[in-house]
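Below is one structure; the comments refer to it alone.
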Amino acid sequence: MMSVWHGLLLICSVFPLSLQGQTVRSEYMLEKGWRFFKGEVEGAASVRFDDDGWTPVTVPHDWAIYGPFDRSHDLQEVAVTQNGEKVATVKTGRTGGLPYAGVGWYRRIFDVPGFRTGQKRVVLKFDGAMSEARIYVNGREACFWPYGYNAFHCDVTDLLTADGQRNTLAVRLENKTQSSRWYPGAGLYRNVHLIVTEKIHVPVWGTYVTTPFVSDSVASVRLETTVAGASGQQVRMVTDILDEEGAVVAHRENEQKINYDKPFVQHLDVRNPSLWSPEGPKLYTAVSQIYVGDKLVDRISTRFGIREIRVVADRGFLLNGKLRKFQGVCNHHDLGPLGTAINVSALRHQLTLLKDMGCDAIRTAHNMPAPELVELCDEMGFMMMIEPFDEWDIAKCANGYHRFFDEWAERDMINMIRHFRNNPSVVMWSIGNEVPTQCRPDGYRVASFLQEICHREDPTRPVTCGMDQVSCVLENGFAALLDVPGLNYRAHRYEEAYAKLPQNLLLGSETSSTVSSRGIYKFPVQKRADALYPDHQSSSYDMEHCSWSNLPDDDFALAEDHHWTMGQFVWTGFDYLGEPSPYDTDAWPNHSSMFGIIDLASIPKDRYYLYRSLWNKGASTLHILPHWTWPDRTGEVTPVFVYTSYPRAELFVNGKSQGVQTKSKASLQHRYRLMWMDVRYEPGELKVIAYDDQGKVAEEKVVRTAGKPYKLVLEPAQDHITADGRSLAYIRVKAVDREGNLCPLDTSLVTFSVKGAGTYKAAANGDPTSLEMFHMPKMRLFGGQLTAIVQSSETEGVIRLIAKAKGLKTGEAIVSTDTAEPRRTAGTSESAASL
Ligand code: GAL
């Protein structure tokens, strides 16, 4: 079924639903034709304002990602009490060193097709606008929404021109300095929708599907539909449930009088349902036609899944009756070199990497996600824990959300829950992250207030909170009142928390915070907290963490050893812009985090294979580290680690055995990693032979010392993308020697050009200290690699990316594009979620 159409000019049409010759609902995305100005402007909301000199932009748009990076951007002098700091120090790069602060204006003209005064309702819906958004239509303020991460909507019917033509939309956004602990992005960074309905209609987020009974043979589906503008009228609702092939699997027709805002309730049975799970993300769609008399007034589609979630004391989390522990990651919302401007193919690329690692869950830290991410999680099979806040009523940042909490928290919660309560991927709400309120004696009241909003708006999902102040929350009743107590780190306090808390369960709401830079190895190899080096990097031997955190091995053991642990959400799946711990205290240059399992260029670090070796049960993993090109280390002790799903392996250096290692309980590291600590480096070949449980040779892997860098090799992750002007292909660029070995020390400057049916979008190399701008068609290799991203145009054809570097043979990649509609396109509008 088609989900989105995109027109060319001002607006892009989605689903003009014309039945009986009458269009009852149309949705449009306002993508093109915007103009942008960075700075405050008098009179910019006015119809007569001349914006000719402003920059033409396409939305989603992040005004700050084009930089430049600078130490002076949003310098924050602060003591991060969550990290145990007592004295305020200058933090550089906390928000990525990017110019996100200040005022920005967007303007565009829009027409409302088919508008007739007094007969239609018109709503503008913003999936997120960063931040303190003031929306003006034809010079009059339509709405204000302060929280930059949340979706909101406003009815603009009464502000439109009489014929619906040439309306002026102006949006003023303002980001204060010191408003975030990471890069928040800036601008209209998510989609803007225009929704046109009849006067009697289903409002935004007006349907709620639950599955009160689920079995293999039958599922009961309960559909609540709010019908606005019909109070006191007799309404007929005709609902079909369609499976993924579009076949009708259930049908129901009911009639009832609408009482004010009480929703219309229907129950339908689905026989032999295909249940939703990460391994089999089956989806259904409820399509309801709403009649008053014989007149069709609305037609609304809601996509959902049939699945049962339960949290059981001393057991944990059950999905469809099966116990499972979360193999999850936390992610911030930025897309690395793309900034925060939402892009479906970028999200899909990220999720594809996580899927292969065996990850089955995402925590949206610490804010509401873009709808496109949630829809992709529905489709690709990831469970989600959605979290709204990093602050409640006590500040972490001088200008953070605490300024709005008292007035806005309930409204923000309601929007979040109604927005995502039909998505089967969402299995839990979190009400906050490490909020200082947790230690206030009456902090439990705030937790209770927020949890009750969740229970009221969506009684089907459990509620948790990421807590780090374990002593406080165990004493003051805060942890005890949550459906699911979630601890951030503090692995050593799990048993105590389990013993003291009434839930008889514990979730690792945030774990690990191990730091590493891809391809960088430090010697001697030792476990260290807050290790600092002159090059501002961290070691990829995966033995370094922050003072408050730990290594992955601790969390693996907690999940395996205790029946009452519910699994974990690792900090983080991907590196993100900002928070460059442990180099956050005046250690510029430093624009991004080092916590990621995957770097900012979407290139897996070694740690990826450690998680994969345990989490991906459907494939084997055999990965060697470090690289084996060390011109200055001949004869030096250079430990070798192997991350593998096999229990034992033998290592050879130039054919000489270094012995067999077997996973053991000698230490947590020995339990999950094979380690040869005494290997002396000599150039040549490092080979590992892995043995299975029966002791038979199962697999082998070789890493060779690289010779002189010879050429650039380009490897597209997608060789085919949609010609829609939005889709992206991620192309790995590597310097290799004559034999094709990666040259891990090469830092050549690569320059790019693009020919054919697309444009150059951005590049990233994963180096947290790099200050090269992502959108410029040149970048240095880091660890011999980087990722370049190209974007399709709206014309079918072939995109050629050409990469050149001094002294290296030129590399080239080809990506083809066509306009074929993908089977299911996630996102871009509510309607995509509902079909
Ligand atoms: C946690 C916090 C995260 C991030 C992380 C870094 O305490 O919840 O947002 O700051 O530390 O280790």
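This table checks each residue for (1) buried (at least 18 other Cβ atoms within 10 Å of the Cβ); (2) of a type outside the set (A, V, I, L, M, F, W, C); (3) at pLDDT 95 or above.
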residue	(1), (2), (3)
G740	no, yes, yes
D767	yes, yes, yes
F774	yes, no, yes
T787	yes, yes, yes
V815	yes, no, yes
A833	yes, no, no
Matching strands (runs of 3 or more DSSP E) fully within the range 80-143 where at least 2 residues are farther than 30 Å from G229 by Cβ: 89-91, 102-110
Residue ID - most open to solvent (accessible area, probe 1.4 Å), chosen from residues in the range 495-515 that are away from the ligand (no atom under 16 Å from the Cβ) and either under 20 Å from R440 (Cα atoms) or in contact with a strand residue (DSSP E or B) (Cβ under 7 Å, 6 or more places away or on another chain) (or both): K500
Enumeration of residues in the range 370-398 that are open to solvent by 10 Å² or more (accessible area, probe 1.4 Å), in contact (Cβ under 8 Å) with a residue 60 or more places away in the chain and within 16 Å of the ligand (Cβ to nearest atom): D390, K396
Filter result for G519 (within 14 Å of the ligand (Cβ to nearest atom) and modelled with pLDDT of 95 or more): no
Test: S547 is open to solvent by 30 Å² or more (accessible area, probe 1.4 Å), within 14 Å of the ligand (Cβ to nearest atom) and in contact with a helix residue (DSSP H, G or I) (Cβ under 9 Å, 6 or more places away or on another chain): yes
Unique residue being open to solvent by less than 10 Å² (accessible area, probe 1.4 Å), within 16 Å of the ligand (Cβ to nearest atom) and within 30 Å of L75 (Cα to Cα) when the list is G128, G148, G96, G104: G96
The lone exception for G725 - which of (1) part of a strand (DSSP E or B); (2) surrounded by 14 or more Cβ atoms within 10 Å (Cβ to Cβ) it fails: (1)
Unmet criterion (only one of (1) farther than 19 Å from G148 by Cβ; (2) within 16 Å of the ligand (Cβ to nearest atom)) for P184: (1)
Residue list for the range 463-486, restricted to those being part of a loop (DSSP other than H, G, I, E, B), away from the ligand (no atom under 16 Å from the Cβ) and either open to solvent by 40 Å² or more (accessible area, probe 1.4 Å) or within 19 Å of V329 (Cβ to Cβ) (or both): D483
Residue within the range 347-359 that is buried (at least 24 other Cβ atoms within 10 Å of the Cβ) and either within 15 Å of the ligand (Cβ to nearest atom) or without any contact (Cβ under 8 Å) to a residue 60 or more places away in the chain (or both) present: no
Extreme residue, surrounded by the most Cβ atoms within 10 Å (Cβ to Cβ), among residues of the range 399-443 that are within 16 Å of the ligand (Cβ to nearest atom) and within 19 Å of the chain's Cα centre (by Cα): S430
Selected residue [within 25 Å of the chain's Cα centre (by Cα) and open to solvent by less than 20 Å² (accessible area, probe 1.4 Å)] from V192, V196: V192
Top-ranked residue in the range 444-462 [being free of Cβ contacts under 8 Å to residues at least 40 places away in the same chain and open to solvent by less than 20 Å² (accessible area, probe 1.4 Å); ranked as nearest to the ligand (Cβ to nearest atom)]: A447
Strands (runs of 3 or more DSSP E) contained in the range 205-297 and holding at least 2 residues surrounded by fewer than 18 Cβ atoms within 10 Å (Cβ to Cβ) and of a type in the set (S, T, N, Q): 248-257
Near pairs, Cβ below 8 angstrom, 6+ apart or cross-chain, from the range 207-218 (on the phi > 0 side of the Ramachandran plot) to any residue that is surrounded by 12 or more Cβ atoms within 10 Å (Cβ to Cβ): none
Verdict on Q76 being buried (at least 19 other Cβ atoms within 10 Å of the Cβ), at negative phi and in contact (Cβ under 8 Å) with a residue 60 or more places away in the chain: yes
Scope the range 747-760; condition open to solvent by less than 70 Å² (accessible area, probe 1.4 Å) and either touching an Asp or Glu at 6+ places or on another chain (Cβ under 7 Å) or in a strand (DSSP E or B) (or both); matching residues: V750, T751, F752, S753, V754, G756, A757, G758, Y760
Meets criteria (open to solvent by less than 10 Å² (accessible area, probe 1.4 Å), in contact (Cβ under 8 Å) with a residue 12 or more places away in the chain, within 30 Å of P683 (Cβ to Cβ) and of a type in the set (K, R)) for R518: no
Of the criteria (1) part of a loop (DSSP other than H, G, I, E, B); (2) surrounded by fewer than 19 Cβ atoms within 10 Å (Cβ to Cβ); (3) of a type in the set (V, I, T), which one I65 fails: (2)
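The values are calculated or read from the model by the stated rules, or taken from the named source; none is laboratory data. Keep in mind that what you see is a predicted model, and the values were worked out from it rather than measured. Methodologically, a virtual Cβ is constructed for each residue, glycine included, from the backbone with ideal geometry; neighbour enumeration extends over all protein chains shown. Calculation scope for accessible area: heavy atoms of the full protein, side chains included, ligands and nucleic acids excluded. Shrake-Rupley method; radii C 1.70, N 1.55, O 1.52, S 1.80 Å.
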